[in-house]
Structures are given as structure tokens and as C-alpha cells.
């Protein structure tokens, strides 16, 4: 059996104040597979991210990245193979220029200034930010920052990616660009998000998480279209999957209802 | 100086003129040399300082800095110099110059000298910042063997300066809105609680940045990419500037000019 | 409290750059001896925090951001002396460059006035009063006292540096009283705020105060050279004052060595045996029939040479411009030349289309 990119077995974690964030979660993500991670706030999505990157130590169970268990001893190795895109790109772009941010990971791996430069430029070119290489990170737009963070993470060549709310704060165009970039990647991807339309766009498979447990694990369309399954867990069916235009009922009685009916034909 | 003007100054530093492209070491050393020479003039020298205005002027013109930028800021901070210098005429009343029967005390002469020095040193500093982005200045200082820990500190400060200031302004505005236009300024107790909140957010941000750094392989050592190249232009700039200033300092050019002019009258 | 370059002499300015630079290097070295990964982003972000705090201005009349450095003592308490010193220094650099609070040469004096006192003296005082317990009143007293002492010492520093530079005529006593007086209420308020924040932070996040306390404990135990620091500091201070004082004294009552030789030159203009540059002599002779000093044109004027030698400003009048019509004319002509040159620069400047 080929090694899964991500293998999580009975992972559990409780915060110092006693809250049980995860109560035994198991799943796996295959090489190159894109899996969505959805659920209400507090479900444990971010906790999984921290556990996978080794910032938290599980109370029980284990997380395995590319065949290596995530432990204090293996942190360096794991982090070389795992790229994490955090929720706030300002936290990830901490160097004076974009070039420096992307070069950061490479230099930490022991790269020499000489062969770092072409790789940095290539990574920036892939996300379309080559011309901004000398820009101060703080001067970029939200969309550019997200792409920059992506480049900074991709440049060291990770095999697995975990993304935490990657499309929040993005305007439609930036969001579209980001989705396209992510879709073109070949790494295994675990994407935690509230943006269900994006999940549908990018992930054939989705994990529904609530109260620290995996409630459902299967094809995205099947799960997300099932109102009776997802609504008790704080989600609602994305508009693109609705066959009966339920949202018209929200407009019911408002002046907009007539407009909408006209448009629908 | 408001944060707004600071931001503008910051933006200017990222321009693309030949002055901008000079090595930051050259510009920093030249500016420092300039300032040292300016303040080395005797207490009562006024006119000999005038030709030195060419240094900041050259920067402004060749660096395409809008003159208003320098003028406004110099004016804005000048009250301080006036406030301190105004005591000179009050205490030094012995006449020093006689012009057309009018007797001017030494105090006024030294006051004028202070003002001229002030304008020169402030505009030189402004010129430096407006033609060199802060990261480049730090890069130059790093190449000049300033302790790396300090350089890194300044770079991180700069990176999060505007971010945190924005946050603070938002907090303050939110608080202001709830005070319904009562007098400006906050009571110390209120200010302290805002500061406390800000501090916690700051601390948490620092944590997140730390995690992001670790996720990209941070081992305690911040490595900076790219070397600066010191070319003949830069060498010429520094030596030329310092030489010119030294000449103006040691050779009574203005005096000679005056005598020559006098001989025509 | 931020010094401006215009008020400094090169020796005082340079001396303090050396002193502050030395302490900076020492602090960086000490930090390197106790590496702590977490510290790197924290210090940077806290530096930015200082600016953010300034946005939350409280009603102390007439200070603004130029009043003093808000939070210096707080940083020292939270980060320990060496880290805090670096942070304060970095804040001052950014203040100088972006906000024009203090000159570039004056960075040496400013870092000394606003960094050294809280980090290396105020902190000792704080620790001494607050002790190991977190009893509220002790913490408050410690914070207020240490802040007041640090700020007042900083104010004294400003006065001394201004005095030693000999560019102003401010009477020492009154200036000192003014500075010390102004900073007292500021210090009291800041002390209270510092205490409040430390308490707040301690209550919610005990770990946040930990880094500083570790450093403080090390200093307290005299470990790792902690007790060697104070003597080093005192010698630095002594050196800076000595340098500034001695040289400044010399510089004010006698012209610089170079200036002196220049004056000598002009005086001996017609003497073929006069040492210096012959070209100057030639120029001298070509110009008016004026020998040594500048006399105002009026023939009935008492020769300034007589009055000037008696001037309290010293035996050598500044032979330069200020003393005569030639000076004024010179100034005007120089201005004209400068304008012409500036115009020329404007003409030759690289023409670029406005980008973006």
C-alpha cells in the first residue's frame, strides 16, 4: 500500500483549560488528493492544522506526514515536507521584501545566496508576482499577500499542503486567482474553510468536522448537497447545489422578490 | 509627525532614480559625514553653512522628491529648535555685528546659526529616507557590520509598524465612537486598558509569526539574502560629498565671495 | 526629550554615538549568549507596539510623541535589559528617520538618554522595590519610582549634552529645573500606566512577564556578568562625559585646530615665511587691501580687534562672515550660487515618465 500523504489516526487533543478540541479523529489524504475540511467554528479545524504542523502535541493518537510521524524529534523533517498557509498572511510575510520572504525557507534549509535567487524568482513567477519581488510585503493587496504566502511555502518543495481559510478577505477576482493557483498544484492538499463554493471547486472529497469528531467523509457534492446532514452541524447547502432556489424564500415579501422572479424567467 | 506622513516618506523611499539606486552605505555615510561637518561649524557661523544646502537640494532634485515634502516636515518640527534656540538672544546680548548702524547681538547670530543647522540636518535626514527604503538602509547598516540582532530587530519593527498602528487606530476610533464626542484625549485608566488589549494582541501576533517562522524552518538564525554591490559611483558619491563639505568647512569660500562682491560695490 | 542635531557639537554627538553603539553591540552579544527563538519576532513586534501605543494619546499637555519614549520601562520589565535596550534603540532609529523625532547624529544621545536609564538602572530599582512577590502596592511603587528615576535621568542627560555642546546659551540651572519639572508629571502618569499594564499582563498571561524576569534574575544573581555591567556602564558614561566635556571646552574657547591654523594663515598673509598654502595668499592680496581681520567698512568704527579680544567669547573672534558687510554680501552671493547650481541640477535631472 502506498504511503498516504497525510495519515491521521485517533488524534485527540485538549486545551490546557480542559476543553476537548479533538476527540479521536481519523482520516487519510492520498498523494495529490485535495480534501476539504469543513465544519462550524470551534469544530477543531484549526486544531488539526496545529497538530499536523507539530505545534501542539496530541493527547492521544498520531499524525503522519509522508510516512513520518509528527513528533518533536522529526519536526524538522516534517516541516520540510509540509507547507502550511495560515489564516492571516501578514503573519506569514514577516521579511522586509517579498524576495526575502520567499527566500526565508530556502536559506533556512542551507541554501546558498547564489542558487536561492533563481528558485525564488521561479516561485514568484508561478504565482504571477515576479515583478513585485522587491516590494515591501506590507504594500501588497490582500490577494497578493495570499499568493505571496503560497509562493513562500511552495518554494521549498513540500509534498503536502495544509491551508487554513485561504479565501477569507479576498475580493472575487483575487479569490478566483487563488483558486486557480491552488487547483494547478500537484501536492496533496487539506483545505479548511467556510467557503463551501471554493471547496466544491477544488476538493472532490470533503471531511465534515464537528465538536472534535469526523461526522462525514466522502464525495463533496454528495455531502454538501445533503441538507439534513450538514445543517445540524452549522452549515448550509451552497447555492450552486440548490435545485429548488430556496433563497427566494429569504427575499419573500421584499421588493427584490419581484426582480428576482423576473430574472429567473 | 503623523503616521500618514511617515507612510508617505516610506513610499518615497521605494522610488527608482539614480539617487535611489546608490548603495545605501554610501548615502548613509555621506549623510552622517555631512551632519558631522555641519555641526562642527563654530557657534556663530551662519553664512558659511549656506553652500552646504546643496547636499540636501541635490538629493531632492535628483531623487525627484517633491519639495513640499521636505519643506512641510522641516517646518513642522522646527518649533522645537526655535524654542530652544530662542534663549540665545535672551542671554547673549553682546553686540557682534553692525550693519548699517544696526547692532545685532551675538545671541541672534547664534540663533540663526542653530536654525540653519537645523534645516540642514533635518533635510539631510529626510533626503536620505526619501531616497532609500528602510529595508535598504538596514541592509547597508548590516554590511557596515552593525550587529545583526539589531538589524533584524529594526526590520521586524518596520514590517509590523504600520500594521499595529492601524490596529491601535481602529481600537481608539471604536472607543471614541462610544464616547459621543466628549473632550479629546483619554483618561489614563482608559488608555491603560486599551494599551493592555493592544499588548495582548501584539503578543499573540508575535506568537503567530513565530509559528509561521518555525513552519518554514526557522532555527533562531535570521538569514538575509542578497549582497549589496559597492560600485565606483557610490565611492565617488561618498568621497565627493565629504570632500566638498570639508572644503566648505575649512576654506572660507563664502567669505572670499563676499569680499569679492564687496570690491564691486 | 529627543535631541536635535542642530544643538550638538561633533564631539558630544560622536562621543555618545560611540557610547550607545558600544552598549548596543554589547547587548546584542549578550542576547546571542542566551539564544531564544521566540524573542526575535516578539521584540520586533513590541517595537512596533511602542508606536501603536503613541496613537492612544492621553491628556498630558504639550508633549505629543516628542515628549519622551513611552513604554521604555515597560519593555525593560517585560524583556530584560538587553532585549529592551535593542528594542528601544530600534524605536528611536525609526522615530528619527520616519517621524523626525531627533536627529541622526543625536541618535547616540537619544539612545543613551532613553534606553540606558530604564534598561540598566531603572530595572535594578524596579526589581529592588518589587521583589519577587506580586503584591500590588509594591509593584505600583516599583513601577512609578523606576519610571520617574529613568525619565528624570534622561532629562538630565539632555541638559548635560546641550550644555557640553556649547551651541546654546541656556542657563544650566533653569534649563535643568524646567526639564526635570516637565517630566515629573509625565513620569508619574507613565509609571501608573506601566504598573497597570504589568499587572494586567501578569494576570492574564504569566508567561509574558517571564522572559523579562529570567533576565532580571540573572542580573540579580550577578550571574553571567550581570554585576559586571554596572561598572562597565559607569565607565562608559564617564568616558562620554569626559570626552564631551574636555573637548567641547577646548573647542569653544579656542577655534578648532584647523580653524586656528587658518586664522594664522590669514593673519600672516603678507609674510612670505608664512607656512601655508600660497594660493590663499595670492587670493588674499588680489582682493582688497584688507590685511588680517575683517573690519567693518566704517572708518569711524572702533576696530573690532580691540573689542573682540575682550569679548567673553574668547580671544579669537570667528573671523568668518558674521562680523562684517563682506559677510552679508558673501551670504547673498552664496545663496545666488546655490540657487544657480540647484537650477542646473534640476535641468540635468533624469527625466522619467511618472510610473504607475
Residue check, residue A:84 buried (at least 23 other Cβ atoms within 10 Å of the Cβ) and under 17 Å from residue A:187 (Cβ atoms): yes
Qualifying residue in the range B:176-188 (condition: touching a helix residue (DSSP H, G or I) at 6+ places or on another chain (Cβ under 8 Å) and either at the interface with chain C (Cβ under 7 Å from one of its Cβ atoms) or not in a helix (DSSP H, G or I) (or both)): yes
Residue identified as more than 7 Å from chain C (Cβ to nearest Cβ), buried (at least 17 other Cβ atoms within 10 Å of the Cβ) and free of Cβ contacts under 8 Å to residues at least 40 places away in the same chain among B:95, B:89, B:147: B:89
Test: residue C:69 is surrounded by 24 or more Cβ atoms within 10 Å (Cβ to Cβ) and either modelled with pLDDT of 90 or more or farther than 20 Å from residue C:159 by Cβ (or both): no
Check on residue A:162, outside any helix (DSSP H, G or I), within 14 Å of chain B (Cβ to nearest Cβ) and within 14 Å of the chain's Cα centre (by Cα): yes
Number of the condition not met by residue B:109 [criteria: (1) within 19 Å of the chain's Cα centre (by Cα); (2) buried (at least 22 other Cβ atoms within 10 Å of the Cβ); (3) part of a helix (DSSP H, G or I)]: (1)
Flag for residue A:89 being within 11 Å of chain B (Cβ to nearest Cβ), under 30 Å from residue B:138 (Cβ atoms) and either surrounded by fewer than 17 Cβ atoms within 10 Å (Cβ to Cβ) or within 22 Å of the chain's Cα centre (by Cα) (or both): yes
Out of C:123, C:160, sole residue that is in the same structural domain as residue C:85 (by TED's automatic domain parsing) and under 18 Å from residue C:2 (Cβ atoms): C:160
Failed criterion for residue A:73 (all others in (1) touching a residue at least 24 places away in the same chain (Cβ under 8 Å); (2) over 29 Å from residue A:180 (Cα atoms) hold): (1)
Per-region count, the range B:22-48, residues at pLDDT 90 or above and part of a helix (DSSP H, G or I): 16
All positions within the range C:154-172 that are assigned to a helix (DSSP H, G or I), modelled with pLDDT of 85 or more and over 22 Å from residue C:54 (Cα atoms): C:156, C:157, C:159, C:160, C:161, C:162, C:163, C:164, C:165
Failed item in (1) over 14 Å from the mean Cα position of the chain (by Cα); (2) surrounded by 23 or more Cβ atoms within 10 Å (Cβ to Cβ); (3) under 20 Å from residue B:71 (Cβ atoms), with residue B:31 passing the rest: (1)
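Only one of these is more than 30 Å from residue A:139 (Cβ to Cβ) and touching a residue at least 60 places away in the same chain (Cβ under 8 Å): B:105, B:123, B:113. Name it.
B:113
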Residue C:38 at pLDDT 85 or above, more than 7 Å from chain B (Cβ to nearest Cβ), surrounded by fewer than 24 Cβ atoms within 10 Å (Cβ to Cβ) and farther than 19 Å from residue C:94 by Cα: no
Count of residues meeting criterion [more than 20 Å from residue B:234 (Cα to Cα) and facing another protein chain (nearest Cβ under 7 Å)] in the range B:32-60: 12
Count - residues of the range C:96-123 that are within 9 Å of chain B (Cβ to nearest Cβ), at pLDDT 90 or above and part of a helix (DSSP H, G or I): 3
Residue that is farthest from the chain's Cα centre (by Cα) [pool: residues in the range A:1-51 that are in a helix (DSSP H, G or I) and more than 22 Å from residue A:223 (Cβ to Cβ)]: A:51
Single residue of the range A:139-155 satisfying the filter (outside any loop (DSSP other than H, G, I, E, B) and free of Cβ contacts under 8 Å to residues at least 40 places away in the same chain) that is surrounded by the fewest Cβ atoms within 10 Å (Cβ to Cβ): A:139
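The values are calculated or read from the model by the stated rules, or taken from the named source; none is laboratory data. Please read all numbers here as calculations on a predicted model, not as lab measurements. A quick note on method: Cβ atoms are made from the backbone with ideal geometry, for glycine too, and the neighbour counts reach across all protein chains shown.
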